[in-house]
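Undergrad: Please read through the structure below; I'll follow up with questions.
What follows is calculated from the coordinates using simple rules that are stated; it is not laboratory data. Note that this is a predicted model, so its numbers are computed, not measured. Here the Cβ is made from the backbone with ideal geometry for all residues, glycine too, and neighbour counts use every protein chain on show.
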Amino acid sequence: MNDIYSPERGAGAHEIIKVENVSYDYVSGEQVSRGVRGVSLTVRKGEFVVLLGHNGSGKSTLAKLLNGFIVPAEGKVTVEGIDTRDDKRIYELRAKVGMVFQNADNQMVASVIENDIAFGPENLGVPRDEIEKRISWALDAVNMSEHRRRSPNKLSGGQKQRIAIAAILAMYPDVLILDESTAMLDPKGRGEIMETISRLNKEKGLTVILITHYMDEAIAADRIFVMNEGRIIKEGKPREVFSDTEKIAEAKLELPVASRISAELRRAGLDIPFALTDEELAEGLCRLK
Amino acid sequence: MQIKVEDLSYVYSPKTPFEKVALDGVSFTVNEGDTIGIIGSTGSGKSTLCQHFNALIRISHGKIYVGDKDLTARKLDLLALRKEIGMLFQFPEYQLFDDTVAKDVEFGPKNFGYGKEEAARLAEEALVMVGMNYAEVKNKSPFELSGGEKRRAAIAGVIASKPSVLVLDEPTAGLDPIGKREILELVNDLKKSFLKTVIMISHNMDEIAANCNRVIVLHNGKLLYDTTPEQLFSDPEAIAATDLGYPHSVHIKRLLAERGIELDTPALDADSLLAALKRRYSL
């Protein structure tokens, strides 16, 4: 199957998402609750970006701003040059930025998997024979081809989420946003999803924005944005972000276990490197002897 | 009060093409005072087992005794049983339904026959116990609460009538790190009060190792292990057989052992691992 994504990645890749000084509040009656305040960021094509933050920190608001679910009260969001406030291009935008949510059951629309996958492209007016190609390609991309004619309700949670991802992929998005898409899964299901998106990112150059509470999942990112009270308070590679233990505490997050232990041992005077993974910590201690 | 499970089996949609054996000859005993973890991959029968404890699923094969009550008895007092054994489902915040938080929490006690005033008093107590400001939230709609608050309100609804046993199905799933810690601290606090026994389903081995004194491992509906976290996580065969993985702290201890660094702890949580490392390096 032909690959629709170019392998463009890394520092030379163009900026696919631009968020410029964006603010958004939720207003209901007299109550105003903060969404995001003065957020600016850019994401390059092919990047794997993770948004971290406690519940209510503004992560999901930011994600919804990226595909035009909500539009900024102040500032500007553009995706491949499309301003999210441009009503005339909203369908084009939604096709470019696909979102997968927490509960896979709420995202299934059809009783047979291939029809579920076809739903998105059909709405985009893609011709039937082209849809056939996309179904095969998308199911292959998430390793679910053999389930094509089955019913989604007999699948495990991890398999359902992979179908939900395939349904988005069939629209050939440039950006895939996963909003706590592994929260309801067991460790095996979570592993399946992380393996799938990491492969799509590396092999197909799909731009991925992952919102998660699992620090283990964040370690795999090219870049992490840490949010607190609607603002981005830290940005960088996983090692830079997690070694800033004060900012992690300020954001009410927890370090990965290995990071926490290596940080405490360093503080107590042991000369080992800051560790992100269990293996790094063990290696660091081993070299001491 | 003991809970005794004897040769429990359960089949979904029996004698149809969709027949599925969910539980297959499961036997074990939960002692008063236990915090027992029920673990196993998705589809291993954990939720089916737990729904038997307060007779949401009626026993089709085998026996369960809660104290001296036989759950297969024809004239089982369901109300008394469910008052004794509280049950918190997965994502319980989806079950909040009333127009105010106070009314939502009162719903349980009222069902168990408490009068209006007594139910209101129990609801207030429960909301305070889960760490909420009663005056502030009582007239709020449950839907105005944040994610973590909703879950605590849902827990308040279950504990309002002071059950002695609490069954929790994935109590921390989907919460942020602080929310997770708060829920587990709450359960431990409740155990110092009226709560005697906790039965907890979790996929998070860090939580199981740090909080449970016993674990039951289910696999394809069968009971594979009935042991302690220390025993289970020091048995690589058991871990390999179940897809569950190690808690991080145990995993680190094992990686160190492979490199010739032995520690004097089972390392069931990060704090005891850290303490053991500090001892070893005389920090």
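Undergrad: Using alpha-carbon positions, what is the distance between the centroids of segment A:171-193 and segment B:5-55, in Å?
TA: Segment A:171-193 and segment B:5-55 have Cα centres spaced 29 Å from each other.
Undergrad: Binning at 5 angstrom from zero up to the longest distance, how are the C-alpha pair distances of chain A distributed in percent?
TA: 1, 5, 11, 15, 17, 16, 13, 10, 6, 3, 2, 1, 0, 0
Undergrad: With n ≥ 4 as the cut-off for DSSP H runs, can you work out [θ] at 222 nm for chain B, using -39500 (n - 2.57) per run divided by the number of residues, rounded to the nearest 500?
TA: -11500 deg cm²/dmol, from helical runs alone.
Undergrad: Turning to a different aspect of this structure: Over 46 Å apart: what share of the alpha carbon pairs of the protein assembly as shown falls there, rounded to a whole percent?
TA: Looking at the protein assembly as shown, the distances longer than 46 Å represent 18 percent of pairs.
Undergrad: Does segment A:95-157 come out rounded, prolate or oblate by the C-alpha gyration tensor, with a ≥ b ≥ c the root eigenvalues, rounded set by a/c under 1.5 and, if not, prolate when a/b is larger than b/c and oblate if not?
TA: Oblate is the answer for segment A:95-157, as a/c is 1.5 or above yet b/c matches or exceeds a/b.
Undergrad: Now for a separate question. Could you work out Rg/(2.2 N^0.38 Å) for chain B, with Rg from alpha carbons only?
TA: 1.08
Undergrad: In debye, nearest 20: dipole of the protein assembly as shown around its Cα centre with unit charges on the Cβ of K, R (+) and D, E (-)?
TA: My answer is approximately 340 debye.
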